[in-house]
Amino acid sequence: MPDYSRHGVAAGAIVSDSPVPPSWKPAALFALACLLIVVGIAPLVLAGHGHLKGMLPVVQGVFLFGTLVFGLLAFVRYTTQAHHGAAPLPQFMAPLSEFVMPLSEFVSERREPPGRVVPFPVAHRDIADRPSQWSLDVIDRMEWKRFEDVCCAFYNEKGIKAATTRMGADGGVDIRLYQDPDDADCCTAIVQCKAWGQPVGVKTMRELRGVMAHEAIERAFFMAPNGFTDNAREFAAINRITLLDGRLILAMIQRLPDDASRRLLELATEGDWTTPTCPSCGASMTPRQGKHGPFWGCSTYPRCRAKLGMRGVGPARHAASA
Ligand SMILES: [Zn+2]
């Protein structure tokens, strides 16, 4: 049984921050209304008036366009909300989401109960606020899997051969480093990444030490945006574990050549970069409301029942790294 709580604070969208996604029904109603005007009301009203008759094709054209737009909107809404709202947009529709989503939010803004936890169109949301430079906030908001990928890419940019371990089989190791010039397949150090919302404690550090002993690896790095507890730091200092918190990681990335740092930022913020990946199956997760508050659930539920805790709300996010 994987310990999901390890990833329980993966950087992600916060429920109270997320726009409440509108239902597909209002858009469908608008589409229907437009269609009614095209085929029924407009001919009925205009055809009888001699001088207004000429305007009929124009009016019909306008409302036909409305039918298409709202129809498409309803369809997109419906598909994104299918399967508990987790189904991603079909690939061919992704470019449309940029204008379809705001429209649909406008249409049904007042119809959803406020504060309800429902899935939201992350694609639209995240592309819109894609950062243009590195900051602690970027490191903090990256979902846990993306954080791992960026850490791995960082070592590659430094000219060190690094590889992430397979999903679900990490055994406490997220990245392996291969720095032995005589043996390219010999792992020389291991890297643990934990995109938690609070400092990593000594228990996790001991587990890493156990893996080092088991695999006879002398050196380890621990990368965690929100740092480490004092006990964890003491333990790491005497066990050849190098600790890298958010500020250090940011400084290391900023010391890279500009183009390398830029490539890492593109990797970090590409597409939907803040919604956590399911630690069990690799699908995207989706916000859910449970008895004890909001949590992340696998979008393929009930096929996969993995859950992640959701990071606390608002101002507390950086408290741990301050
Ligand atoms: Zn899953």
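The values are calculated or read from the model by the stated rules, or taken from the named source; none is laboratory data. Since this is a predicted model, take the numbers as computed values, not measurements. For neighbour counting, all protein chains shown are included, and Cβ atoms are generated from backbone atoms with ideal geometry for every residue, glycine included.
Restricting the search to the stretch 35-74, which residues are surrounded by fewer than 16 Cβ atoms within 10 Å (Cβ to Cβ), of a type in the set (G, A, S) and assigned to a helix (DSSP H, G or I)? Passing the criteria: G40, G54, G61.
Going through the stretch 261-282 one residue at a time, which ones are within 11 Å of the chain's Cα centre (by Cα), near the ligand (Cβ under 10 Å from one of its atoms) and touching a residue at least 60 places away in the same chain (Cβ under 8 Å)? Residue satisfying the conditions is T277 alone. Right, G197: among the small types (G, A, S) and surrounded by fewer than 20 Cβ atoms within 10 Å (Cβ to Cβ) or not? Taking the combined requirement at face value, the residue does not satisfy it.
The number of residues in the stretch 283-302 being among the aliphatic types (A, V, I, L, M) and either surrounded by fewer than 18 Cβ atoms within 10 Å (Cβ to Cβ) or away from the ligand (no atom under 16 Å from the Cβ) (or both) comes to 1. With respect to the conditions (1) surrounded by 17 or more Cβ atoms within 10 Å (Cβ to Cβ); (2) at pLDDT 95 or above; (3) in contact with a Phe, Trp or Tyr (Cβ under 7 Å, 6 or more places away or on another chain), P279 lacks only one, and its number is (2). With respect to A316, is the statement that it is surrounded by fewer than 18 Cβ atoms within 10 Å (Cβ to Cβ), aliphatic (A, V, I, L, M) and either modelled with pLDDT of 90 or more or more than 10 Å from the ligand (Cβ to nearest atom) (or both) true? Yes. Look at G48 and say whether it is farther than 30 Å from I139 by Cβ and modelled with pLDDT of 85 or more. It is false that G48 is farther than 30 Å from I139 by Cβ and modelled with pLDDT of 85 or more.
Say whether the condition of being aromatic (F, W, Y), out of contact with any strand residue (DSSP E or B) (no Cβ under 7 Å at 6 or more places or on another chain) and assigned by TED's automatic domain parsing to the domain that holds T164 is met by at least one residue in the stretch 187-206. Among the residues of the stretch 187-206, not one is aromatic (F, W, Y), out of contact with any strand residue (DSSP E or B) (no Cβ under 7 Å at 6 or more places or on another chain) and assigned by TED's automatic domain parsing to the domain that holds T164, which makes the answer no.
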